[in-house]
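Structure first, commentary second.
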Amino acid sequence: MTSEDIRNRKWTEAEKEVLRRGAAKQAAGDDSDIDYSDIPRLTPEQLAHMVRLRGPRRKQAVSVRLDPQVLDWLKSKGEGHLTRINDILTNLMEAERRAGPGR
């Protein structure tokens, strides 16, 4: 089924009402009756590949010189190697702050 099929489908009034109620609950932030029991647990591999999303921040442009092998490694991970550099440094900074003063 495609999104086009869904758009062109003739919905019954009962189906429309169910959708309206669901949309209203979603808009109100009410997710108390969602059944999560059929969602499988994340595997250790999936957890290892997760990254923390951070909100948009104002960034400052800088020039950095990197060893060629470091740049190759960053680029080998896919698009976003400059963002990846920032994320790596941010994670290091936060870990150092958590470790406390004198580190």
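I'd like the distance between the alpha-carbon centres of the stretch 1-30 and the stretch 43-58, rounded to an integer number of Å.
31
Could you give me D for the chain, from Stokes-Einstein at 37 °C and 0.692 mPa s, where the hydrodynamic radius is the Kirkwood radius over C-alpha pairs? Units µm² s⁻¹, please.
Translational diffusion coefficient: 167 µm²/s.
At 222 nm, what helix-only mean residue ellipticity would the chain give, in deg cm²/dmol to the nearest 500, using -39500 (n - 2.57) for each DSSP H run of four or more?
Roughly -16000 deg cm²/dmol at 222 nm, from the helical runs in the chain.
We did not get these values from a lab; they are worked out from the coordinates using the rules stated. Note that the structure is a prediction, hence the values are computed from the model and not measured.
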